[in-house]
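This report refers to the structure that appears directly beneath it.
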Amino acid sequence: MRPKPEVPAVYHVKEIFYSLQGEGARTGRAAVFCRFAGCNLWSGQERDRDRALCAFCDTDFRGTDGEGGGRFASPGQLADAISATWGGGWGPGIRPYVVLTGGEPLLQLEEPLIVALHDRGFEVAVETNGTRPAPPGLDWVCVSPKAGAELVLRAGDELKLVYPQPGAAPEAFAGLDFRHFFLQPLGGPDQVAHTRQAVAYCLAHPRWRLSLQTHKLLGIP
């Protein structure tokens, strides 16, 4: 008999909002995004960026002060907040969808929250750096490896690699057990050049597909 999973005393959530998935295999799909606070690869403070394993991160995941964010005392309480944020209605062929992201969501995510979300009809996805094992029950697992961080989660639905990353060549991940492989151009002042490099790599290695951050192009969350 499997031991009962532990539940965090409090979930710390930066923000909960409703938008379209902007990246990867499910681009364009309506979703509730639940962004957990905290990450194991960077403190989120600019003074620490030079020492971060993910120094190019462009996401604010510190604190609980974002839209819909806060501290949630139970899986049911957080699942209710996520359910209340869904704006797409219900019906045949319309299953509400939530993306658990961060920061690093697997620092807090445990099976009871997944069960609570399933009980409310949700399909549950996670976006993770892959440095921690995933709890059972997830419907979609997207892993985004980072150079210098040990990859523990080596199978899933989607591998999305920010490119180029010194020390994280696509060849190192192409043999892993994922259904989809994406290169996402590294942002910043050299984004145009990085996009050209990613396009060239995808053309030369058709297993890989190009992922763009379409939500930024559209100006949506």
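The values are calculated or read from the model by the stated rules, or taken from the named source; none is laboratory data. Not measured: the values here are computed from a predicted model. Backbone-built Cβ (ideal geometry, glycine too); neighbour counts: all protein chains shown. These accessible areas exclude ligands, DNA and RNA; they are computed on the full protein's heavy atoms, side chains included. Shrake-Rupley method; radii C 1.70, N 1.55, O 1.52, S 1.80 Å.
Restricting attention to the stretch 70-96, and to residues there that are closer than 19 Å to Gln21 by Cα and part of a loop (DSSP other than H, G, I, E, B), which single residue is least open to solvent (accessible area, probe 1.4 Å)?
Within the stretch 70-96, the match that is least open to solvent (accessible area, probe 1.4 Å) is Pro96.
Report yes if Ala55 is farther than 24 Å from Arg179 by Cα, within 18 Å of the chain's Cα centre (by Cα) and free of Cβ contacts under 8 Å to residues at least 60 places away in the same chain, otherwise no.
In short, yes.
Look through Val162, Val192 and report the one residue that is open to solvent by 60 Å² or more (accessible area, probe 1.4 Å), modelled with pLDDT of 95 or more and out of contact with any Cys (no Cβ under 6 Å at 6 or more places or on another chain). Steps first, please.
Working: Val162 fails: open to solvent by 60 Å² or more (accessible area, probe 1.4 Å).
Exactly one residue qualifies, and that residue is Val192.
Of these, Pro135, Pro145, Pro185, which one is in contact with a Ser or Thr (Cβ under 7 Å, 6 or more places away or on another chain) and either closer than 21 Å to Arg26 by Cβ or buried (at least 16 other Cβ atoms within 10 Å of the Cβ) (or both)?
Just one listed residue meets the conditions, Pro185.
Which one is farthest from Leu151 (Cα to Cα), of the residues in the stretch 97-111 that are surrounded by fewer than 21 Cβ atoms within 10 Å (Cβ to Cβ) and out of contact with any Phe, Trp or Tyr (no Cβ under 8 Å at 6 or more places or on another chain)?
Here the answer is Glu111.
Take Ile114 and decide whether it is out of contact with any Phe, Trp or Tyr (no Cβ under 8 Å at 6 or more places or on another chain), part of a helix (DSSP H, G or I) and of a type in the set (Val, Ile, Thr).
Yes, satisfied.
Checking the condition within 21 Å of Cys54 (Cα to Cα) and under 19 Å from the mean Cα position of the chain (by Cα), which residue from Pro185, Pro189 passes?
The unique qualifying residue is Pro185.
Please name all residue pairs, on different chains or six or more residues apart, with Cβ atoms under 6 Å, provided the first residue is in the stretch 114-127 and is buried (at least 20 other Cβ atoms within 10 Å of the Cβ) and the second residue is in a loop (DSSP other than H, G, I, E, B) and not hydrophobic (A, V, I, L, M, F, W, C).
If the second residue must be in a loop (DSSP other than H, G, I, E, B) and not hydrophobic (A, V, I, L, M, F, W, C), the pairs left are Ile114/Gly137; Phe122/Pro96; Val124/Asp139.
Could you identify the single residue in Gly156, Gly167 that is touching a Gly at 6+ places or on another chain (Cβ under 7 Å) and either of a type outside the set (S, T, N, Q) or farther than 18 Å from Leu41 by Cα (or both)? Reasoning before the result, please.
Numbers: Gly156 fails: touching a Gly at 6+ places or on another chain (Cβ under 7 Å).
Step by step, each of Gly156, Gly167 is checked, and only Gly167 is touching a Gly at 6+ places or on another chain (Cβ under 7 Å) and either of a type outside the set (S, T, N, Q) or farther than 18 Å from Leu41 by Cα (or both).
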